[in-house]
Amino acid sequence: MGSLDRNIRLMRWANGVASVRLVLAFALSHFLTFPLPALAQATQPGAGANATEAAEPLAVRQQIVRDRLVQLEDRMYRLSEKLRENEPEQARRLEKALRQSGEQLIRHHMDQAVQALERLELTKAAEHQAAAEKALQDVLVLLTETVDDALDRQRELDRLRDLREQVDKMLERQLELRMRTDPGEQLAERLAAAADKVRKLIARQEQQAARTKSADADQANELAESQREIRDETEAAAGELNPPATQPHGDPLAQRADQARRELEDAADRMRAAEAELSEKHTDAAESRQAEALDSLRKALEALEKAGASAQPLDAAEAARQQRALEQDAGKLADSLREKPDGDDGSTQPAEGDSAQTPPAGQEPSSGDPAENGDPQDGSDSPPAGTDKPGADNVRKAQQHMKRAGDKLEGNQPQKATADQDRAIEELERARAELQETLDQLRREQQEEALAGLEQRFRTMLIQQKSVNAATEDLDSRKDNWTRADSLNLAALAQEQTALSGEAAKALHILVEEGTTVVFPQIVAQIRDDMTEVAKRLGEKQTGQVTRDIEAQIVEALEELIAAIEQRQKEGPPPAGDNGQSGGQGGQAPDPPLLPGSAELKLLRSCQVRVNRETQQLGEAIAGAATDVGNRAERLSERQEQLADMARKINERAQRR
């Protein structure tokens with residue numbers, strides 16, 4: 001319930017800030033359409049009534065923006081009141097933004113701008129508007145600044161990942177020691193037997209390949225049948241290396257021979273492909289598949305021989321020494337999994353009387369030990385004060401089981417020691433599972449905040465882009481009668497479009513760093529490139545249909561991204577496997593993708609539709625002898641290549657599931 005409540009609070013904060021940010025974006029976007037540089041020129045002597053007619057509606061619009069600011073401050077105050085109890089840090093941030101709004105005299109500058117517009121003091125109005133715009137940008141940065149929070153969460157994620165990796169390595173070491181402790185496992189002999197089977201399979205497959213090379217089409221069916229027999233034996237050999245379902249930690253042979261098993265399965269797949277080619281009498285293609293099968297068989301043999309060389313059983317004394325070393329490392333790891341109270345010097349040494357202390361060699365636990373045949377019991381051996389991280393208790397229990405295993409190994413009782421080693425393995429697996437669960441929760445919170453931040457950014461960009469588009473269309477409608485003031489306004493639009501391209505670049509950086517999606521970052525990269533192209537065109541005074549088509553596509557792409565994020569927030573995070581990755585046996589679970597695969601496919605389709613439409617528009621422009629097509633054909637070619645690459649990556653990801 002704690003994590004659910006936190007997610008709800010995060011979403012409330014994100015939604016509240018989103019609404020505040022949109023009002024700020026509305027105010028900022030209106031500055032884009034104030035042609036004050038132009039009107040300043042109009043106030044020169046001889047301008048007459050033209051300046052008055054132009055300034056009057058601007059004064060009204062400035063008053064609308066000022067009224068929106070009043071509403072914004074009221075909304076910020078009410079939101080801070082709601083957040084004060086459960087999210088005090090966020091409430092303080094809103095309160096700071098309110099104070100900053102007052103200290104920077106935003107409302108005062110807007111009032112002065114209105115009065116200056118009414119008096120036709122347009123240069124003065126422009127100065128007050130510039131001051132108000134800069135102050136609004138500062139407030140916007142303050143409200144959306146989450147660097148400290150993001151860094152804290154990332155540090156915690158990195159720390160937990162490091163702890164999980166330590167648990168993984170300790171688990172691997174304990175499994176290794178368990179396998180080599182009990183002579184009854186006969187691990188080396190079993191690996192040697194498996195390697196001998198693979199050698200025989202290699203010899204048979206080499207003969208099969210030689211027969212195929214010299215065979216004619218009439219012999220293909222016979223060769224297909226003999227290839228099937230070899231494949232059946234290869235699959236059986238791989239099956240023998242699978243862990244039995246009755247062993248929760250996996251059969252020692254299966255643990256050591258996992259790579260060999262995978263290579264044998266791959267060899268069997270190649271043999272199956274060779275069978276199919278032989279059935280179709282395609283002997284040349286079958287030879288290629290057979291060569292691949294031989295390569296996999298040889299890799300399997302190499303893996304088995306390597307595993308067998310290190311699988312000789314240990315004598316009890318050496319096993320006891322390695323078990324003691326593991327016990328000590330488990331104690332240090334358990335200390336690392338504790339939050340140290342204030343004033344703690346960070347020492348990782350066990351406290352006096354702690355169960356992590358190693359008894360004299362050969363000493364057996366007392367016969368009354370309550371945890372002899374089960375989990376260690378809490379009591380006088382309680383750990384030092386502090387707050388446990390996930391898995392800490394399990395690692396402490398694993399350490400105590402390791403201690404008992406070491407005692408029995410020192411007493412030359414390896415068969416009895418394996419029971420305690422198994423319990424230590426169980427506890428380490430539980431510790432790893434707890435750490436992974438916490439990591440998954442933190443990662444989900446990180447993704448939710450990233451999505452909320454991206455949605456806010458895209459909505460703000462959309463509002464500002466629409467303002468740029470409207471101003472571009474207005475200027476193009478009177479292109480034949482442009483004045484110097486219009487040229488100045490066009491230059492200002494180009495600057496604003498460049499700034500929007502910078503915002504898209506920031507969003508792209510977030511997505512690349514996040515790294516779980518294929519199409520999402522590419523679409524944002526295309527938006528950035530389109531914005532850069534529009535800024536270039538506006539700087540060259542090209543406001544024609546080509547420029548406005550690109551602007552319209554930017555708006556369409558932003559709207560699609562916002563819709564995809566909204567749908568993702570409504571449906572919740574996709575499963576981790578949706579990105580096509582696999583944790584593997586004992587491996588970590590992959591991060592779920594920021595957007596599900598279905599959403600990415602939809603974005604990919606929409607992008608292809610835009611490319612198709614732009615291609616048609618380019619053809620019409622060329623047919624109409626348009627002079628401003630520029631490098632559109634080259635851009636479309638690059639974009640089509642990007643789409644093909646995205647489709648390929650999505651297909652590869654789906655095949656890895």
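The values are calculated or read from the model by the stated rules, or taken from the named source; none is laboratory data. Please read all numbers here as calculations on a predicted model, not as lab measurements. Quick reminder, even Gly has a Cβ in these numbers, built from the backbone with ideal geometry, and neighbours come from all protein chains shown. Accessible surface areas use protein heavy atoms only, side chains included; no ligands, DNA or RNA. Shrake-Rupley method; radii C 1.70, N 1.55, O 1.52, S 1.80 Å.
Take ALA424 and decide whether it is over 29 Å from GLN154 (Cα atoms), assigned to a helix (DSSP H, G or I), among the aliphatic types (A, V, I, L, M) and open to solvent by 30 Å² or more (accessible area, probe 1.4 Å). No; evaluated as a whole, the condition is false for this residue. Do we have PRO45 as at pLDDT below 75 and closer than 22 Å to GLN465 by Cα here? Here the answer is no, as PRO45 does not meet what is asked.
Among the residues of the range 525-535, are any free of Cβ contacts under 8 Å to residues at least 40 places away in the same chain, over 21 Å from ALA644 (Cβ atoms) and surrounded by fewer than 18 Cβ atoms within 10 Å (Cβ to Cβ)? Checking the range 525-535: at least one residue is free of Cβ contacts under 8 Å to residues at least 40 places away in the same chain, over 21 Å from ALA644 (Cβ atoms) and surrounded by fewer than 18 Cβ atoms within 10 Å (Cβ to Cβ).
Is it the case, given these coordinates, that ASP645 is open to solvent by 20 Å² or more (accessible area, probe 1.4 Å), more than 30 Å from GLN447 (Cβ to Cβ) and modelled with pLDDT of 85 or more? In short, no. When the range 608-642 is filtered for residues that are among the acidic types (Asp, Glu) and either at pLDDT 85 or above or out of contact with any Leu (no Cβ under 9 Å at 6 or more places or on another chain) (or both), the ones remaining, listed by number, are GLU620, ASP628, GLU634, GLU638, GLU641. Filtering the range 209-225 for residues that are at pLDDT below 85, of a type outside the set (A, V, I, L, M) and surrounded by 13 or more Cβ atoms within 10 Å (Cβ to Cβ) leaves an empty set. In the range 477-497, which residue that is surrounded by 17 or more Cβ atoms within 10 Å (Cβ to Cβ) and over 30 Å from LEU511 (Cα atoms) is farthest from the chain's Cα centre (by Cα)? Looking at the filtered set, the residue picked out is ALA485. Looking only at the range 110-126, which residues are of a type outside the set (Val, Ile, Thr) and assigned to a helix (DSSP H, G or I)? Result: MET110, ASP111, GLN112, ALA113, GLN115, ALA116, LEU117, GLU118, LEU122, LYS124, ALA125, ALA126. Assess whether LEU511 counts as being in a helix (DSSP H, G or I) and in contact with a Phe, Trp or Tyr (Cβ under 6 Å, 6 or more places away or on another chain). For LEU511, the condition - in a helix (DSSP H, G or I) and in contact with a Phe, Trp or Tyr (Cβ under 6 Å, 6 or more places away or on another chain) - is met.
Of the numbered criteria (1) open to solvent by 20 Å² or more (accessible area, probe 1.4 Å); (2) touching a residue at least 60 places away in the same chain (Cβ under 8 Å); (3) assigned to a helix (DSSP H, G or I), the one ASN412 fails is (3). Among the conditions (1) within 30 Å of GLN446 (Cα to Cα); (2) not in a helix (DSSP H, G or I), the only one that GLN542 does not satisfy is (1). Taking into account only those residues within the range 175-208 that are acidic (Asp, Glu) and closer than 26 Å to GLY406 by Cβ, which is modelled with the highest pLDDT? Taking the candidates together, the pick is GLU176. Residues in the range 311-335 that are assigned to a loop (DSSP other than H, G, I, E, B) and without any contact (Cβ under 8 Å) to a residue 40 or more places away in the chain: ASP315 alone.
The residue list LEU561, LEU594 contains one member that is within 25 Å of GLU165 (Cα to Cα), hydrophobic (A, V, I, L, M, F, W, C) and either crowded, with 20+ Cβ neighbours inside 10 Å or modelled with pLDDT of 90 or more (or both), which is LEU594. Within the range 432-451, residues that are open to solvent by 40 Å² or more (accessible area, probe 1.4 Å) reach partners that are part of a helix (DSSP H, G or I) and modelled with pLDDT of 90 or more with beta carbons closer than 8 Å, at six or more positions or on different chains, in the pairs ARG432/ARG164; ARG432/VAL167; ARG432/ASP168; ARG432/LEU171; GLU434/ASN394. For the residues GLU127, GLU89, GLU121, the requirement of being modelled with pLDDT of 80 or more and surrounded by fewer than 18 Cβ atoms within 10 Å (Cβ to Cβ) singles out GLU127. Does any residue of the range 390-398 turn out to be under 27 Å from the mean Cα position of the chain (by Cα), crowded, with 20+ Cβ neighbours inside 10 Å, not in a helix (DSSP H, G or I) and not β-branched (Val, Ile, Thr)? Yes, there is a match, as at least one residue in the range 390-398 is under 27 Å from the mean Cα position of the chain (by Cα), crowded, with 20+ Cβ neighbours inside 10 Å, not in a helix (DSSP H, G or I) and not β-branched (Val, Ile, Thr).
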